[in-house]
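**Q** Please read through the structure below; I'll follow up with questions.
Please treat every number below as a calculation from the coordinates, not as lab data. Given the structure is predicted, the values throughout are model-derived calculations rather than measurements. As a convention, Cβ positions derive from the backbone with ideal geometry for all residues, glycine included, and neighbour counts pool all protein chains shown.
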Amino acid sequence: MAKIGIIDYGMGNLRSVQKGMEKAGHQASILRWKDALPQFDGIILPGVGAFGDAVKNLRNFGLFEAIIDYVLSGGILLGICLGMQLLFEFSEEHGRHEGLGIIPGSVTRLPSEVKVPHMGWNILKIKREAPLLAGIEDGARFYFVHSYRCVPEFERDIVAVTPYGEDFVSVVARDNVMGLQFHPEKSSGLGLRILSNFGAIAESKRNTVRSD
Amino acid sequence: MLAKRIIPCLDVEGGRVVKGIHFIDLRDAGDPVELAAFYDKEGADELVFLDITASYEGRETKVSLASRVGEEVFIPFIIGGGIGSVEEIQKILAAGADKISINTAAVKNPELIREAAKRFGSQCVVVAIDARRTAEGKWEVFTHGGRTPTGLDAVQWARRVEDLGAGEILLTSMDRDGTKLGYDIPLTRAVCEAVRIPVIASGGAGNLQHLAEVIEETNCDAVLAASIFHYKEYSIKQAKEYLASRGIEVRL
C-alpha cells in the first residue's frame with residue numbers, strides 16, 4: 001500500500017480523488033504544507049479552475065518551488081486535469097501564465113470548431129506503453145471536463161491522445177512525472193485502475209529507494 | 001469522439017429513493033448510495049439525484065446526500081431540487097457533487113446562474129428546464145415541478161441561460177414525462193439547435209427505441225431516464241448495446 005499525498009491549494013474538491021485512491025487500495029491524505037511532501041511515496045496535483053489562480057495559490061502556499069524540488073529529487077508526481085496543465089511551461093488561459101515547467105510545452109485553448117468545454121466520456125488512443133496505463137486498452141473511455149489542452153514540445157512525452165475536433169494530448173509521462181487530462185476519480189472502474197497503477201508505481205519507487 | 005451519455009435519474013425524499021425500485025440484488029433499494037453504486041457498476045455515465053424533500057430539511061439532506069454518494073460512486077453526479085442560493089450550491093459542490101441543477105430559482109432570479117457560473121465554473125451549473133407545448137413549435141417554461149406557468153418561451157429561455165453562463169441544460173418535456181411515449185423530439189431539436197452547450201433530453205422514455213430516436217433525430221448529448229431502468233425493464237448495459245448496434249457512440 002502506497003502513501004499518497006493529494007495537494008490542497010484551494011482549487012476544487014479533492015475528496016473524490018482521495019476516495020478514489022482509497023478505493024484503489026492505497027492510503028491517501030490531503031496535504032497543505034510543503035514540508036510534508038517528502039513523507040509520501042507519490043504526490044497527486046489535482047485541480048479544477050483557472051490556470052492563473054492555481055499558479056498564484058501554489059506560490060502563496062510555497063508549493064510552487066517545493067513541487068519542483070520534489071520532482072528533481074526523484075519524487076513521483078501525477079497531475080490531474082488542471083494539475084496536468086500546470087506541469088507545462090506556460091498557459092495561454094486568460095493571458096500568459098508561467099507554469100511549473102516540469103514538462104516542456106504549453107497549454108492552449110481547444111479548437112473553436114468543437115463545443116467547449118469538452119465534457120463527457122471520450123477515448124484514449126494509446127501512443128506508447130506506460131506503467132500508468134497498465135491494463136487499459138486502446139479505445140477505453142474516460143471522463144473529461146476541460147477547455148484547454150496541453151501541447152508537449154517532445155513526442156516522447158506523449159502517452160495517449162484523444163480525438164475532439166483534432167487529436168489532443170490526454171496522457172503524458174516524463175520520467176517520474178505523469179499527467180492525465182481526464183478525471184480518473186470520475187471514470188468508474190477503469191479510472192480506479194489507473195489510480196491503482198499510480199499507487200503501484202509510487203510503491204515500487206519507495207522499495208527501490210529503500211533497497212539502495 | 002464523445003460518447004452519448006446515459007443518465008439514470010433518482011428521486012430522493014428525506015434521504016431515501018422514492019418510487020418503488022425493484023432490484024432484488026440490492027440489500028436496500030431505497031438507499032440512494034447503494035443504488036448509485038449499482039448504476040456505476042452497471043455502466044451508467046452519470047447520475048442525477050432530484051431531491052423532492054419539502055422546504056428547509058431539503059438543504060441539509062442534499063449536502064449529506066452529495067457527501068455520501070461521493071464516498072461510493074466514481075462517475076459524475078448532479079444534485080438538483082429546490083436549490084436557491086449560491087451558498088447552498090457551494091455547500092453541495094464542496095460535499096462532492098460534480099454539478100448542481102437549478103430550475104425554479106433560476107427563473108425567479110436569473111442572476112443566480114451568472115453568479116454560480118462565475119464562482120464555480122459553467123461546467124458545474126446545469127439549468128433544468130421543464131417545458132410544456134402550447135402551440136405548434138412553441139413550448140412554455142413551467143416551474144415548481146411543472147405546476148406553475150412562467151410565460152417564458154422554452155427556446156428563448158434556453159438561449160438566455162446559455163448567455164448567463166449555464167454549462168448544460170436538462171430539458172424535460174412535461175407533456176411526455178411519465179407517459180412512456182418517447183421523448184418530445186421537436187422540443188429537444190428546437191432547444192439543441194438554439195444553444196451550443198450540451199443538452200440532456202428527459203421525459204417520456206418507455207423503451208430503448210425511444211433513447212435511440214432522440215439521439216438520432218436531435219443533437220442532444222445525453223438521455224435521462226428513470227422508470228425503464230428502475231423497474232429493470234432494461235439494464236444500462238442492454239441500453240448501451242442496443243444504441244451501439246444502431247451505430248451510436250456509447251461507453252461500453
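**Q** Return the loop-located trypsin sites (Lys or Arg not before Pro) in region A:1-65 (DSSP other than H, G, I, E, B) with at most 15 other Cβ atoms within 10 Å of their own Cβ; answer none if there are none.
**A** A:Arg32
**Q** For labels at B:Asn219 and B:Ser235 in the simple 7 Å Cα→Cβ model, what's the distance in nm?
**A** It is 3.6 nm.
**Q** Please give the charge dipole size of region B:192-252, origin at the Cα centre, charges +1 on K and R Cβ atoms and -1 on D and E Cβ atoms. Round to the nearest 20 debye.
**A** 280 debye
**Q** Semi-axes, largest first, in whole Å: what does sqrt of 5 times each Cα gyration tensor eigenvalue give for region A:3-211?
**A** 24, 20, 16
**Q** Same structure again: Could you tell me which of rounded, prolate or oblate describes region A:87-212, using a ≥ b ≥ c as the square roots of the eigenvalues of the alpha-carbon gyration tensor, with rounded for a/c under 1.5 and, failing that, prolate when a/b is larger than b/c and oblate otherwise?
**A** oblate
**Q** If I model a spin label at A:Ser112 and A:Ser29 as a point 7 Å from the Cα along the Cα→Cβ vector, what separation in nanometres do I get?
**A** With each label point 7 Å from Cα toward Cβ, the separation is 4.9 nm.
**Q** Please give, to one decimal in nm, the separation of the simple spin-label points placed at B:Ile248 and B:Thr134, each 7 Å out from Cα toward the Cβ.
**A** With each label point 7 Å from Cα toward Cβ, the separation is 3.1 nm.
**Q** Then there is this: Treating only the Cβ atoms of Lys and Arg (+1) and Asp and Glu (-1) as charged, compute the dipole magnitude of chain A about its Cα centre; round to the nearest 20 debye.
**A** Here the size comes out at about 560 debye.
**Q** Which length gain, in nm to one decimal place, applies between A:Lys56 and A:Phe154 when the Cα-Cα distance is subtracted from 0.36 nm times their residue separation?
**A** Separation in residues times 0.36 nm, less the Cα-Cα distance, equals 32.6 nm.
**Q** Taking a ≥ b ≥ c as the square roots of the Cα gyration tensor eigenvalues, with a/c under 1.5 meaning rounded and otherwise prolate when a/b beats b/c, else oblate, which class fits region B:5-245?
**A** Cα axes put region B:5-245 in the oblate bin.
**Q** I would also like to ask the following. Over 31 Å between Cα atoms: which of A:Lys115/B:Lys138; A:Lys56/A:Lys115; B:Lys91/B:Lys240; A:Lys23/A:Lys125; A:Lys115/A:Lys186 fall into that group?
**A** Pairs exceeding the cut-off: B:Lys91/B:Lys240.
**Q** Here's a follow-up. So what is the calculated 222 nm ellipticity per residue for chain B, using -39500 (n - 2.57) for each DSSP H run with n of 4 or more, over all residues, to the nearest 500 deg cm²/dmol?
**A** Per the formula, -11000 deg cm²/dmol.
**Q** Now for a different question. Can you tell which of A:Gly95, A:Val116, A:Ile126 lies farthest toward the positive end of the dipole of region A:82-131, using +1 and -1 charges on the Cβ of basic and acidic side chains (Lys, Arg; Asp, Glu)?
**A** Value computed over the given set: A:Ile126.
**Q** Still on this structure, please answer the following. Residues with amide H under 5 Å of B:Ala226's amide H, sequence separation 5 or more or different chain, H placed in the peptide plane at 1.01 Å from N; which?
**A** Amide H to amide H, under 5 Å and 5 or more residues apart or across chains, B:Ala226 pairs with B:Cys9.
**Q** Using per-residue counts of other Cβ atoms within 10 Å, averaged over each peptide, order A:201-207, A:180-186 from highest down.
**A** Ranking, from highest mean packing down: A:180-186, A:201-207.
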